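The structure under discussion appears below in the form of structure tokens.
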Amino acid sequence: MTVKILGYAAKSATAPLAPLHFERREPRADDVVIEVLYCGVCHSDLHQARNDWGFSQYPLVPGHEVIGRVTSVGKKVTKFAVGDIAGIGCMVDSCRQCNPCKQGLEQYCEEGNIQTYNGNDRHDHSVTYGGYSQSITCSEDFVLKIPQGLELSGAAPLLCAGITTWSPLRHWNIGKGSKVAIVGLGGLGHMALKLANALGAEVTLFTRSANKEADARRLGAHHVILSNDPEQMAQVNGQFDLIIDTVPYTHDINLYMPTLTLDGTLVFVGLLGEIDPTVSTVSMVLGRRSIAGSCIGGIAETQEMLDFCGQYNITSDVEVINMAEINEAYERMLKSDVKYRFVIDMATLRP
């Protein structure tokens, strides 16, 4: 028996998001049902709503930065109880058997992880619907515990923007004594500054906008370098152990490569697509430098990040909006007119 609930959906690539009643599956024995309290708004929500990546299924209910209250649990659930505050990020399942899954790296599942929305359930093959809705149902193994004391609206973007920047920081062992640079100051970039700083690294922001310096320092940057100033760039040659590139569009990374130290790495977390212009291998070969990519994080790693944020009281800088303002928020996102993440108060969805 399915349950009909209210959400906000894109009904086509060109239609604005609008109210939609749709069906959630009947909860399984290992499922947790969560009343959605807050849902973050990610750039990928906009891309998928408008079919920018070419695989959207309509109607499409976005939202993968979900914070809510547990309202029921299946008979096999042991990790959560009714009343708990819980979260769901970008995934709701994976094969759980392949080598990445066994390592706790479900985001790299060889069969493909099941996305929180616009995916297909592994068991009944139904389309998954996201957090722009009254409630969401998910296996307890992909539900996260939210530390007490974290402001819930600010915690929602941790489930995507937070883990997307935390994962490379942990993979490349960033801590005290490390030098990290962040390219771009947006939803991802501002979380990277906060997390790298809290891990004890010396943190630099690369930006083309001098007016971002004060905010960058408030968020955790120790230094701000104008990437379009050759003199400033020359001063940081050979310095950084890791550069986290959060820019979501094609851009020239050749100017950043010489700023890496020996064995340093530039990791993409924002760009999905071609690198243009072509990357010169000179600085790579002469400095044994690397270019890499990183995708969100596994469930255990996401819980680690949330617990760390609970310890240091780290949340995202957010602007809370009503559900009915989502289409305006999408247009503002395209103009980078938000500091630094929209979050929907889902109480405003209720009739």
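The values are calculated or read from the model by the stated rules, or taken from the named source; none is laboratory data. Only a predicted model underlies this, so the values are computations on that prediction, with no experimental measurement involved. Neighbour counts run over all protein chains shown; Cβ positions are idealised from the backbone, glycine included. To get the accessible areas, we keep the full protein, side chains included, count just its heavy atoms, and leave off ligands, DNA and RNA. Shrake-Rupley method; radii C 1.70, N 1.55, O 1.52, S 1.80 Å.
Taking the criterion of being of a type in the set (Val, Ile, Thr), under 23 Å from the mean Cα position of the chain (by Cα) and surrounded by fewer than 21 Cβ atoms within 10 Å (Cβ to Cβ), the only residue of segment 74-98 that qualifies is ILE85. Residue selection: VAL41 satisfies the criterion of being open to solvent by less than 10 Å² (accessible area, probe 1.4 Å), closer than 30 Å to ARG332 by Cα and either among the small types (Gly, Ala, Ser) or modelled with pLDDT of 95 or more (or both).
Here's the yes/no breakdown for (1) of a type outside the set (Ser, Thr, Tyr); (2) assigned by the TED database to the domain that holds GLY264; (3) buried (at least 23 other Cβ atoms within 10 Å of the Cβ):
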position: GLY189; (1), (2), (3): yes, yes, yes
position: PHE206; (1), (2), (3): yes, yes, yes
position: SER209; (1), (2), (3): no, yes, no
position: ARG218; (1), (2), (3): yes, yes, no
position: LEU226; (1), (2), (3): yes, yes, no
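Only residues that are farther than 20 Å from ASN173 by Cα, touching a helix residue (DSSP H, G or I) at 6+ places or on another chain (Cβ under 7 Å) and of a type in the set (Ser, Thr, Tyr) were counted across segment 245-294, and they come to 1. Taking each residue of segment 270-288 that is under 15 Å from ASP252 (Cα atoms) and looking for partners that are of a type in the set (D, E, K, R) and open to solvent by 90 Å² or more (accessible area, probe 1.4 Å) with beta-carbon atoms closer than 8 Å, six or more apart or interchain, yields nothing.
The residues of segment 164-202 that are within 24 Å of GLN232 (Cβ to Cβ) and more than 20 Å from the chain's Cα centre (by Cα), listed by number, are GLY177, SER178, LYS179, ALA201, GLU202.
Residues checked against (1) touching a Pro at 6+ places or on another chain (Cβ under 8 Å); (2) surrounded by fewer than 17 Cβ atoms within 10 Å (Cβ to Cβ):
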site: THR246; (1), (2): no, no
site: ASP263; (1), (2): no, yes
site: VAL267; (1), (2): yes, no
site: GLY273; (1), (2): no, yes
site: PRO277; (1), (2): no, yes
site: PHE308; (1), (2): no, no
site: ASN313; (1), (2): no, yes
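Taking the numbered list (1) β-branched (Val, Ile, Thr); (2) open to solvent by 60 Å² or more (accessible area, probe 1.4 Å); (3) not in a strand (DSSP E or B) in turn, THR71 passes all entries but (3). Residues of segment 135-145 that are surrounded by 21 or more Cβ atoms within 10 Å (Cβ to Cβ) and either among the basic types (Lys, Arg) or in a loop (DSSP other than H, G, I, E, B) (or both): VAL143 alone.
Under the condition of being touching a helix residue (DSSP H, G or I) at 6+ places or on another chain (Cβ under 8 Å) and either crowded, with 21+ Cβ neighbours inside 10 Å or among the acidic types (Asp, Glu) (or both), the residues counted in segment 161-175 number 9. Taken over segment 232-244, the criterion of being in contact with a helix residue (DSSP H, G or I) (Cβ under 8 Å, 6 or more places away or on another chain), of a type outside the set (S, T, N, Q) and surrounded by fewer than 20 Cβ atoms within 10 Å (Cβ to Cβ) is satisfied by MET233, VAL236, GLY238. Scanning segment 112-134 for residues being touching a residue at least 60 places away in the same chain (Cβ under 8 Å) and either part of a loop (DSSP other than H, G, I, E, B) or open to solvent by less than 30 Å² (accessible area, probe 1.4 Å) (or both) gives a total of 12.
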